[in-house]
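**Student:** Let me begin by handing over the structure; questions about it come next.
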Amino acid sequence: MMNETEVKISRRDQILQAVVHMLEANPGGKITTANIAKTVGVSEAALYRHFPSKAKMFEGLIEFIEDAVFSRTNRILQDFQKADMRCEQTITLILTFAEKNPGMCRLLSGDALAGETDRLRQRIHQFFERLETQFKQILREAELREQKVTCMPLSASANLLTALVEGRIRQYVRTEFNIKPTQYWPEQWQLISQQLLRDVG
């Protein structure tokens, strides 16, 4: 028999899953607490016992995205030593995650955050900043580990890789999930990787 805490956790996850489903099923549509409560099959008052606001529900999903992505990118850094492989694996991971979670892409693209609190938009901004910082670290280490440098300034290279990820996610949302984030990715990476790094000297 589940204790009270387990019931609460289960209901909390159920609410977050309902929000994700609504984000995916209704591209461009606005999510309301009334609709969430109806989907979950509880009253709005019951909803607020788990999340005091819709913003807190979105925040819970953003935390899930951060944990899912950055726990795996840390493993990539452990499993791969070469910078180009680290960059490729990191981008492939995020694009694949995005493709499997279209509803969450509406948060990452900011599409679902119109009219929401600035704090949520700041969290998304921080997500991509953190990703860009990780690319900078990978590329900086390439000089020390592999005697390779970026073909254009390091910051510009890291920004390009981040913009590629963000752009593919935005395109996925803009096309109502028709153009997959991983579409053309192997061919695109082949071109980018040829121009990303060169030997020192």
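Taken together, the values in this text are just the output of simple stated rules run on the coordinates, not laboratory data. As the structure is a computational prediction, the values presented were derived from the model and not from experiment. Because the Cβ atoms are built from the backbone with ideal geometry, glycine has one as well, and the counts that use them run over all protein chains shown.
**Student:** Report which label in (i) 9.9; (ii) 13.8; (iii) 13.1 holds the value of mean projected area of the Cα convex hull in nm² derived from the coordinates of this structure.
**Tutor:** Here mean projected area of the Cα convex hull in nm² agrees with entry (iii).
**Student:** Using amide H atoms built 1.01 Å from N in the peptide plane, name the residues 5+ places from LEU197, or on other chains, whose amide H lies under 5 Å from its own.
**Tutor:** The answer is CYS151.
**Student:** Find the centroid of the Cα atoms in region 17-44 and in region 134-150, then give the distance between the two in whole Å.
**Tutor:** Each part's Cα centre sits 44 Å from the other's.
**Student:** ³J(HN,Hα) across region 139-152 via Karplus (A = 6.51, B = -1.76, C = 1.60, θ = phi - 60°), whole Hz, x for Gly/Pro?
**Tutor:** 5, 5, 5, 4, 5, 6, 7, 10, 6, 10, 10, 6, 6, 10
**Student:** Helix 185-196 sits at what angle to the longest principal axis of the chain, using alpha carbons and giving 0 to 90 degrees rounded to 10?
**Tutor:** With rounding to tens, the tilt is 40 degrees.
**Student:** Moving to a separate point now. Across region 59-67, in residue order, what do the Karplus-derived ³J(HN,Hα) couplings come to in whole Hz, using 6.51 cos²θ - 1.76 cosθ + 1.60 with θ = phi - 60° and x for Gly and Pro?
**Tutor:** With the stated coefficients, region 59-67 comes to 5, x, 6, 5, 4, 4, 4, 4, 5 Hz.
**Student:** Counting each DSSP H run of 4 or more residues in the chain as -39500 (n - 2.57), what helix-only mean residue ellipticity at 222 nm follows after dividing by all residues, to the nearest 500 deg cm²/dmol?
**Tutor:** On the way: 9 runs with 150 residues, N = 201.
Value at 222 nm, helices only, nearest 500: -25000 deg cm²/dmol.
**Student:** Give me THR117, THR150 sorted ascending by neighbouring Cβ count inside 10 Å, so fewest comes first.
**Tutor:** THR117, THR150
**Student:** Could I have the simple spin-label model distance between GLN147 and LEU191, label points 7 Å from Cα toward Cβ, reported in nm to one decimal?
**Tutor:** With each label placed 7 Å out from Cα toward Cβ, I get 3.2 nm.
**Student:** Could you give each residue of region 80-91 its phi-based ³J(HN,Hα) in whole Hz, using Karplus coefficients 6.51, -1.76, 1.60 with θ = phi - 60°, and x for Gly or Pro?
**Tutor:** Values per residue, Gly and Pro as x: 10, 9, 7, 4, 5, 5, 4, 5, 4, 5, 5, 5 Hz.
**Student:** Give me ARG106, ARG170 ranked fewest to most by other Cβ atoms within 10 Å of their Cβ, as a rough exposure proxy.
**Tutor:** If I rank by nearby Cβ atoms, fewest first, I get ARG170, ARG106.
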